[in-house]
Amino acid sequence: LMLLRWYSYDRYKHLKRSVVSHIGPGSTCIGGGKGTQLKCRQEFARRSGCEYNSLAVQPLQFNLQNTTDCRAFFRAVEQDPQRVWIRKPGNSQNGRGVSVLRGTSSSLKSLRSCKKKIKDGLFMQAYVEQPLLLEGRKFDVRTYLLVASIDPVLVFYHDGFARLAERPFALDSAESLADAKIHVTNAVRQTSDRPFLGFDKLARRLTVEHGLPADFLDVKFRPRAREVSKMLVHAAGTERRRGRFQVFAMDWLIDRRGGVHLLEVNGDTSMASFQGTGLTPRIWTTMLDLVEKLHTAPAKLRIPRRQQRGRLFRHGRWELVYNEVAEDGAA
């Protein structure tokens, strides 16, 4: 039995063989609430001897519910009052409640004491003020992270799609800062019927509009996405549980210099059809086939027990980016 919704588990836990779409406590570290995600990554960075913001995995971000983070945020505001920030409620989804403001905004004054309790939390993330544009509009890029097993840990990556904002990009006025359709690319918040681009179309558009090399996604974007995917799983410190898997959606932004920034991770991603991307239904059918074989007949997959330099194991278009058995064997 394969359960795609983990909250059905209690109903079926008496079964001896089941595969459940939830990896346990590590799930919230990878794609849970914004506060939990940030705390896990901060603690992981400290164990490694550094601060999370210094790693530049994501744009600078601060949890204003946390006194230390809150004070660090206002120090950053004092250093650059004109910097633009994205304000996100701790429980926001699909772009709801998100606003864009400068450090000089009067709405921040009541929070400066860092003593105010904020229901559900409040997060400030530095806005990437020079994003790469398509047709003059902001876009982000979605990829997928599949933790196919946590005993042993096996992590897979899959291309997703680009999503375009509905209106031309601008940051030069109070009106443009307040217009969510300039900044929010989530399809739920749009009325456009063509917000998606598959990776092949995205690569061509980046070359035509910006002169980027045709292999930009291969050479720059995908390696970055794979490495960060692995880091997030390591930071989560998943428990050993048989018969568990989970898929996460990761959203990225590319800046005008070609820098790749992780924006956020969603642990309750929709298995929807994304028109014009060429993804569905194959991305989901191959994922379910991969998970089923891995947990019931792993020998059929023929996953190599040792890393082969320059070669990635693939199932469909799911690429194995971390194999605990192979990594331990290499060590």
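The values are calculated or read from the model by the stated rules, or taken from the named source; none is laboratory data. Values in this document were obtained by computation on a predicted structure and should not be read as measured data. For neighbour counting, all protein chains shown are included, and Cβ atoms are generated from backbone atoms with ideal geometry for every residue, glycine included. The accessibility values were calculated without ligands, DNA or RNA, using every heavy atom of the protein model including side chains. Shrake-Rupley method; radii C 1.70, N 1.55, O 1.52, S 1.80 Å.
At-a-glance table
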{"item": "Amide H partners (placed H, <5 Å) of K138, local residues excluded", "result": "A165, F169"}
{"item": "Cysteines having no other Cys beta carbon under 4.7 Å from their own, within the chain", "result": "C50"}
{"item": "Within the accessible area of the chain (1.4 Å probe), percent carbon and sulfur", "result": "48 percent"}
{"item": "Filter on K220/K300; K116/K230; K138/K220; K34/K115 - keep pairs with C-alpha separation over 24 Å", "result": "K220/K300; K116/K230"}
{"item": "Positive-end extreme of charge dipole, the chain - chosen from P25, H210, A326 (charges on Cβ)", "result": "P25"}
{"item": "Student exercise, region 114-216 dipole from Lys, Arg, Asp, Glu Cβ charges, in Debye to nearest 20", "result": "440 debye"}
{"item": "Acute angle (nearest 10 degrees) that the helix 222-236 long axis makes with the longest principal axis of the chain, alpha-carbon atoms", "result": "80 degrees"}
{"item": "Assigned charges on the beta-carbon of Lys, Arg, Asp, Glu; region 203-285 dipole about Cα centre (debye)", "result": "320 debye"}
{"item": "Nearby aspartates and glutamates by direct alpha-carbon distance to K181 (threshold 20 angstrom, same-chain neighbours under 8 apart not counted)", "result": "E129, E135, D140, E166, D172, D193, D251, D255, E264"}
{"item": "Total charge dipole magnitude, the chain, about the Cα centre, Cβ charges on Lys, Arg, Asp, Glu only, Debye to nearest 20", "result": "760 debye"}
{"item": "Reachable aspartates and glutamates, given that their alpha-carbon falls under 12 Å from the alpha-carbon of K293 and they are not under 8 places away in the same chain", "result": "none"}
{"item": "C-alpha long axis of helix 282-296 to longest principal axis of the chain, angle in °", "result": "50 degrees"}
{"item": "Gaussian network model of the chain, springs between alpha carbon atoms under 10 Å - residue of R204, R163, R311 with greatest fluctuation", "result": "R311"}
{"item": "Solvent-accessible area per residue, Å², over the chain with all protein chains present [probe radius 1.4 Å]", "result": "51 Å²"}
